[in-house]
Amino acid sequence: MMPELENFLQPEQVTTIILAAGSGVRLGNVSKARLNVENKSYLDSVLCSFQPFVRTSIVCLNTNDMKDIPGQYDDPSIKFVEGGNTRQDTVAIGMTRVDSEFTILHDVARPLCSSNLIKELLLMAADKGAAVPALKLESRDSLATIKDGQLINPLHRDQVVSVQTPLVFKTDQLRSVMQQAIENNWHETGIISLFLKAGIPVSAVDGERQNLKVTYPGDKELIKKLSVSEN
């Protein structure tokens with residue numbers, strides 16, 4: 001049985017940064033924040049998922065979405081900032097508004113994140129400092145890395161995972177890693193890569209199949225099917 005979260009963390013100790021500053025190029029230049037599932041925008045769905053667990057939600061939007069989306073909300077616990085050119089830049093911008101003990105990073109493109117997953121991650125982060133959801137890859141084939149048409153290293157199937165969001169960190173630890181990235185000129189597509197470069201352990205909990213990241217046009221219909229199956 002999962003321990004009661006309130007015995008370890010209160011919402012006042014947690015801020016979520018919602019990453020919604022991408023341009024959705026692979027989706028056909030569509031803003032993922034504006035997509036809909038179950039008659040709610042992805043942004044609304046994500047905000048509702050995290051609302052019971054956090055004091056403040058910081059939403060990082062692209063330039064176009066900053067023109068009108070902030071005006072649709074009058075909740076003082078929801079703050080909007082314009083994101084940067086890269087995911088790493090956007091996280092750095094969002095972090096300037098964080099003053100809580102723990103920080104959650106979550107993709108707006110994952111609108112079906114469950115409450116149970118958020119609880120598990122917060123409990124793990126309270127204990128270990130950094131927590132992520134990870135799914136084992138279901139591959140029937142052998143796996144390896146490749147470079148310039150040549151296989152480099154074999155990979156063991158039982159040791160390869162896909163990393164989802166939410167990512168949950170102790171804020172001081174996240175700030176330290178982001179500062180190291182600046183000082184060492186590290187540029188990565190994912191924040192977890194920065195933690196591993198810095199030599200900081202990251203703990204994993206089981207991810208969820210329905211916590212799919214909408215990346216390609218066909219994913220939108222899959223999200224709708226997953227949302228129905230969960231209800």
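The values are calculated or read from the model by the stated rules, or taken from the named source; none is laboratory data. Computed from a predicted structure; not experimentally measured. So basically every Cβ, Gly included, is an ideal-geometry build from the backbone, and we count neighbours across all protein chains shown.
Okay, here's what the table says:
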| item | result |
| --- | --- |
| The range 137-176: number of residues that are of a type in the set (A, V, I, L, M) and within 24 Å of the chain's Cα centre (by Cα) | 7 |
| Top-ranked residue of the range 8-39 - restricted to ones that are within 18 Å of A131 (Cα to Cα) and outside any strand (DSSP E or B), ranked as modelled with the highest pLDDT | Q13 |
| Matching residues, the range 22-53, being surrounded by fewer than 17 Cβ atoms within 10 Å (Cβ to Cβ), closer than 24 Å to R97 by Cβ and touching a Phe, Trp or Tyr at 6+ places or on another chain (Cβ under 8 Å) | R34 |
| Qualifying residue in the range 137-148 (condition: crowded, with 19+ Cβ neighbours inside 10 Å and touching a residue at least 24 places away in the same chain (Cβ under 8 Å)) | no |
| Residue count, the range 85-128 (criterion: small (G, A, S), in a loop (DSSP other than H, G, I, E, B) and over 16 Å from the mean Cα position of the chain (by Cα)) | 1 |
| Flag if L19 is surrounded by 17 or more Cβ atoms within 10 Å (Cβ to Cβ), in contact with a His (Cβ under 9 Å, 6 or more places away or on another chain) and of a type outside the set (S, T, N, Q) | yes |
